[in-house]
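Quick notes on the structure that follows.
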Amino acid sequence: MNEESTIKKAEQEISREHAMHLLGRMLLIRRFEEKSAELYSAMKIRGFLHLYIGEEAVAVGVMEALSPEDAVVSTYREHGHALARGVSAGSIMAEMYGKQEGCSRGRGGSMHLFDDKTRFYGGNAIVGGGLPLTVGLALADKMQGKNQVTCCFFGEGAVAEGEFHESLNLAALWKLPVLFVCENNLYAMGTALKLSESVTNLAKKAGGYNITAEAVDGMDILAVEAAAVKAAAEVRAGNGPYFIECKTYRFRAHSMFDPELYRGKAEVEEWKKRGPVVNFIQLLKDREILNDADIYELEKKAEEEIFKAVAFAEAGTLEPVEELTRFVYSKRSIS
């Protein structure tokens, strides 16, 4: 087990095309989340809202290692995962508006995004709730002889839950094709990791179940991508599950209702200096891979996509009252 990934962005080669792709995805997520916060304040989006700002490198980097046939299971902070997976911004925004054109027909909202076309299976509001679902999906794939990976994103707060240990144990026992991705942003819902876990090296916990594990700088998109590519290859080779701890940080509060009394503003500002977007931009400029005009082009493209997404959500329709009981019971007859 590697306690810290040895992959450094300075050691990696990256093409202009790939740089544009990675930065474009991160900028789309960042601007989408900023617009979501604005729309929430305007009461266009209701319910809970958990923003992914600061953690973009994890979702974008990991998705680069997955194929369209693989499955993805996420948390309630999943807008970034969904966008990186290829779920359309319009269907996500419409979902948060509660419109039936949304990816979950407006019934799930921010915390329950679902898209069968991209095999994106939530969006789970329960902390750690996606872990046992992941084991089930991977078991089904293995029983059917499919060489597919099920990738599960979860926060470090889920490590304290019983299903974390049960899921890792079963995945290891049955050598299931699971890529566990722990997004360690240090504070879970509002409790510092050092106050909730006696062992804060989370990769070591996976090692306790005989699962290959490593920790990686979750603010470095190239390091995340390289670690995920290596991990996914191991899983596809039939070597059982793999665990990546991505050390990251959320720049916004846990949710829009969070007063953030557990950390100081100075700490947040220090972490922003390590932000995945700003540092990747600087790296690309230093290497003369991209310039200001390229970045402007990507920003404009993200802005246009988000503008269309909001317009799509605004024009969407609410589900008729007559259909509220639809999907509650199956219409399939039992013979």
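The values are calculated or read from the model by the stated rules, or taken from the named source; none is laboratory data. Please read all numbers here as calculations on a predicted model, not as lab measurements. Glycine gets a Cβ as well: all are built from the backbone with ideal geometry, and neighbour counts include every protein chain shown. Note: accessible area is taken over every heavy atom of the protein model, side chains too, but ligands, DNA and RNA are not part of it. Shrake-Rupley method; radii C 1.70, N 1.55, O 1.52, S 1.80 Å.
Compare Ser41, Ser91 by solvent-accessible area with a 1.4 Å probe and give them largest first, with all protein chains kept in place.
On the way: Ser41 90, Ser91 20 Å².
Correct descending sequence by accessible area is Ser41, Ser91.
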Inset, instruction - Return the distance in nm (one decimal) between the two label points of a simple spin-label model at Val199 and His165, each offset 7 Å from Cα along Cα→Cβ. - result: 1.1 nm
Inset, instruction - Using 0.36 nm per residue of separation minus the Cα-Cα distance, give me the extension gain between Glu322 and Glu297 in nm, one decimal. - result: 4.5 nm
Inset, instruction - Rank Gly122, Gly106, Gly145 by mean-square fluctuation in a GNM of the chain with C-alpha springs under 10 angstrom and give only the top-ranked residue. - result: Gly145
Legend entry - Gyration tensor (alpha-carbon) shape descriptor, the stretch 98-166, a/c threshold 1.5: oblate
Inset, instruction - Using a 1.4 angstrom probe on heavy atoms only, work out the carbon and sulfur share of the accessible area of the stretch 16-313 in %. - result: 54 percent
Inset, instruction - Over 30 Å between C-alpha atoms is what I'm after, so list which of Lys194/Lys301; Lys230/Lys285; Lys273/Lys300; Lys35/Lys194; Lys146/Lys205 land there. - result: Lys194/Lys301; Lys35/Lys194
Inset, instruction - Please give the net charge around Asp116, taking every other residue with its beta carbon less than 13 angstrom from that of Asp116, where Lys and Arg add +1 and Asp and Glu add -1. - result: +2
Legend entry - Point-to-point label distance, Ala266-Ser15, nm (Cα→Cβ direction, 7 Å offset): 4.7 nm
Legend entry - Cα-based reach from Lys331 at 18 Å (exclusive), listing aspartates and glutamates while leaving out same-chain residues under 8 positions away: Glu322, Glu323
Inset, instruction - Skip the ligands, DNA and RNA, and give the accessible area per residue of the chain with a 1.4 Å probe, whole Å². - result: 47 Å²
Legend entry - Label-point separation in nm, Lys331 to Gln144, each point 7 Å along Cα→Cβ: 2.5 nm
Inset, instruction - Work out, step by step, the length gained on full extension between Asn239 and Gln282: first 0.36 nm times the residue separation, then minus their alpha carbon distance; give nm to one decimal. - result: 11.8 nm
Legend entry - Antiparallel bridge percentage (DSSP; both residues within the stretch 16-313; nearest 5): 5 percent
Inset, instruction - Take the Cα pairs of the stretch 16-313, get the Kirkwood Rh, then feed it into Stokes-Einstein at 25 °C and 0.890 mPa s and tell me D in µm²/s. - result: 128 µm²/s
Inset, instruction - Set the Förster radius R0 to 25 Å, insert the Cβ-Cβ distance between Asp116 and Phe307 as r into 1/(1 + (r/R0)^6), and round the FRET efficiency to 0.05. - result: 0.40
